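Each remark here refers to the structure printed beneath this line.
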Amino acid sequence: MSALLLLTGLAGLVGGLWAETPPEDHAALIRVEGAIGPATSQYFERARQQALDDGAQLIIVQIDTPGGLAEAMRDMIKGILDTPVPVVGWVGPSGARAASAGTYLMYAAHVAAMAPGTNLGSATPVPVGGTMPVPKTPAGEAKDRLEDAAEDDEADADETPPEAEDTPESGDAMTNKVLNDAIAYIRELAELRGRNADWAEDAVRTGANIGASEAVELNVIDLQAASVEALMQALDGREVTVDDEETVTLATAALPVIAIEPDWRDRLLSTLTNPTVAYLLMMAGIYGLLLEGYSPGAILPGTVGAICLLLALFAFQMLPVSYTGLALIALGLALMIGELFAPSFGVLGLGGLVAFVLGSIFLMDTDVPGYGLNLSLVAGIAIAMGGLLAATLYLLWGARKTRVSAGLSVSEGARLRVLESEGPQTWGMIDGERWQLRADVPLAPGSEARVLHCDGLTLTVEPISANKER
């Protein structure tokens, strides 16, 4: 064992020595793909710090995301704003998008670029558990009406701007707070980078979207680039202000680009925080503990169940989980278990199944991009649980009608096999139990007899053949 550990340590040391060392001057590439969550922000921060430690002159954040959780997005933006080297946000390759949280990341970057055939926007915040109402007269629509009026020479110099004359309240106080906070945040990022703050506000208020060409025209982004190589050529010679003071002239034409990939910890966290995986871990954990309770000493179901349940709870505290849904699932399982012990004739079981399905549907907030639960999986598990419940009820009903055939009370009419005679005593076997027999006629070993009645540990029987003759 010690030799194996020594060899493992030497292999790790040699691997570290043989690992490719990044060149002194290079650009680091960090890919932000899929829904933005805790795993994404952890990977981004690790990769950002590694790029700085390796001496990267530039960090490129390649974005293709439908959005995600606000807290994870803000952590990433804090990292971008705290980076002492230029950060370039690039939506690519063609067909990618920077929706919702991705739009904020683009506005936070020192340079924003998009590949042809990409889009960004739809940045309206969605609170966990519901949709965000939007005002009836967004700033973007008011701005368009003013521009149209100016072009037609119909604008009045004393006219009150539409945004000032019509600013209805929408939603309750909490949703207005969330909306106004998001607007202020993205406008501040836009002003920090010198980009179109009005369109950014419109993207938050109404979920506006924009393509790459139009985004360049409206100063939402800085440039278009079809690939990373084209991006590096387009960035060459551009001046970027870092730390609000230092102006850096980029020399990127010949700068090598090195991608920083997620490590095993990032991949593990990404897998655990997948809503479907977290849901399956929860189910495996619950049923593992139930099996251990029904079969004490089995050890394996309880061990696996406890590990799965702890992993599921770890994932749930990072996900937009509805605790009402979680409570409904727990209630549903409790009712279905109660069906096994209470004679409710299926009422508890059916109610538990309904509560379980409703809890599974409400468990994850489907309004948060990328964090909905697969309803086909919920339906499959519900059908399986319904079938198991039906089979259990069928077996319990059959057991109620079965005559007692073991113990000190043996049902009349039960059949048994005669074993042997030892002097005045005759013995028989019924359901694996050895009983003393009494009969009015001799019983031949190996023959069959029928129980007439039970007297303590002695059965009064009659031969099957004698019964048939009667």
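Where a number appears in this text, it was derived from the coordinates with a stated rule and is not lab data. Just so we're clear, the structure is a prediction, and the values are computed from it rather than from any experiment. Please note: Cβ atoms are built from the backbone with ideal geometry, for glycine as well, and neighbour counts cover all protein chains shown.
Under a 5 Å amide H to amide H cut-off, with H placed in plane at 1.01 Å, what residues pair with Thr124 once short-range neighbours are removed?
Distant-sequence amide H within range of Thr124: Gly207.
Expressed in nm to one decimal, what extension gain is obtained for the pair Met174 and Arg417 from 0.36 nm per residue of sequence separation less their Cα-Cα distance?
Extending this stretch completely gives an extra 79.5 nm.
What distance in nm separates the two pseudo spin-label positions at Tyr323 and Leu388, each 7 Å out from Cα along the beta-carbon direction?
Result for the modelled spin labels: 2.7 nm.
Full extension from Val242 to Ser94: what is 0.36 nm times the residue separation minus their Cα-Cα distance, to one decimal in nm?
50.4 nm
Relative contact order for region 270-401 using alpha-carbon pairs under 8 Å, separation at least 6, rounded to a whole percent?
22
Between Asp455 and Ala259, what is the spin-label point distance in nm, taking each point 7 Å from the Cα along the Cα→C-beta axis?
8.9
For Phe362, Phe341, Phe356, which order do you get if you count the other beta carbons within 10 Å of each Cβ and list the fewest first?
Phe341, Phe362, Phe356
Report the paramagnetic label zone for Ala230: residues of region 30-63 whose backbone N is under 18 Å from a point 7 Å from Cα along the Cα-to-Cβ axis.
Answer for region 30-63: 61-63.
Can you give me the long-range amide H partners of Thr241? Hydrogens built in the peptide plane at 1.01 Å from N, cutoff under 5 Å, separation of 5 or more residues or another chain.
Counting only residues 5 or more places away or on other chains, the set is Val248.
What list of ³J(HN,Hα) couplings, whole Hz, do you get for region 435-445 from phi and the Karplus terms 6.51, -1.76, 1.60, once you set θ to phi - 60° and write x for glycine and proline?
For region 435-445, the Karplus curve yields 10, 7, 10, 9, 8, 6, 10, x, 10, 7, x Hz.
Once amide H atoms are placed 1.01 Å from N in the peptide plane, what residues at a sequence separation of 5 or more from Ala225, or on another chain, have their amide H within under 5 Å of its amide H?
Met114, Ala115
What is the sum of charges around Gln62, taking Lys and Arg as +1, Asp and Glu as -1, for the other residues whose C-beta is under 15 Å from the C-beta of Gln62?
Within the 15 Å Cβ shell, the charges total -1.
Modelled label-to-label distance, Arg434 and Arg187, 7 Å Cα→beta-carbon offset: nm?
Roughly 9.4 nm, to one decimal.
Label 7 Å along Cα→Cβ of Leu310; region 255-295 residues with amide nitrogen under 15 Å?
282, 285-286, 289
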